[in-house]
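One structure is given here, and the rest of the page talks about it.
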Amino acid sequence: MRNPIRSEEYGMLQHVVDTLFLNHTLVSRLDLVLSAEAADLCDDLMEIVSLLPPGRYDRHDLCMQLNSAISAHGWGLIYGTVE
């Protein structure tokens with residue numbers, strides 16, 4: 001049975017992160033923004049992406065930043081977190 005709290009967008013940000021790190025060990029904020037736009041993420045997830053400070057990130061640091069914003073909004077159950 002599907003969790004009624006989850007959005008249809010649940011896990012989409014994880015997919016964007018997975019795709020970004022297929023061939024890279026560091027990504028920029030711009031890389032993430034462009035990938036998120038290409039994936040046509042919903043406004044809520046684009047807000048999370050837009051909160052990321054400028055810079056270059058390894059996977060761990062990027063996920064920590066994104067999860068912090070997701071948690072601050074209380075959207076972990078709705079959209080999922082990233083790893």
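Which pairs turn up if I take residues in segment 64-83 that are in contact (Cβ under 8 Å) with a residue 40 or more places away in the chain and of a type in the set (Phe, Trp, Tyr) and look for partners that are assigned to a helix (DSSP H, G or I) and surrounded by 13 or more Cβ atoms within 10 Å (Cβ to Cβ) with beta carbon separation below 8 Å, at least 6 apart in sequence or on another chain? Correct list of pairs: 79/12; 79/13; 79/44; 79/45; 79/48; 79/70. If a residue has to be of a type in the set (A, V, I, L, M) and not in a helix (DSSP H, G or I) to count, how many in segment 32-62 make the cut? Number satisfying all stated conditions: 4. Filtering segment 29-57 to residues that are surrounded by 14 or more Cβ atoms within 10 Å (Cβ to Cβ) and small (Gly, Ala, Ser) leaves 35, 36, 39.
Collect the residues in segment 57-83 that are hydroxyl-bearing (Ser, Thr, Tyr) and under 15 Å from residue 15 (Cβ atoms), keeping them in residue-number order.
The initial filter retains those residues of segment 57-83 that are hydroxyl-bearing (Ser, Thr, Tyr), namely 57, 68, 71, 79, 81.
Answer for segment 57-83, where residues must be hydroxyl-bearing (Ser, Thr, Tyr) and under 15 Å from residue 15 (Cβ atoms): 79, 81.
What is the residue count in segment 1-31 for residues that are over 23 Å from residue 77 (Cα atoms) and either part of a loop (DSSP other than H, G, I, E, B) or among the charged types (D, E, K, R) (or both)? Count: 8. Residue check: residue 65 meets all listed conditions (1) out of contact with any strand residue (DSSP E or B) (no Cβ under 8 Å at 6 or more places or on another chain); (2) open to solvent by 30 Å² or more (accessible area, probe 1.4 Å); (3) not in a loop (DSSP other than H, G, I, E, B) but one, namely (1).
The values are calculated or read from the model by the stated rules, or taken from the named source; none is laboratory data. Here the structure is a predicted model, which means the values were calculated and not measured. Counting neighbours? That spans all protein chains shown, and the Cβs are built from the backbone with ideal geometry, glycine included. The protein model used for the area step is the full one, side chains on, heavy atoms only, and it has no ligands, DNA or RNA in it. Shrake-Rupley method; radii C 1.70, N 1.55, O 1.52, S 1.80 Å.
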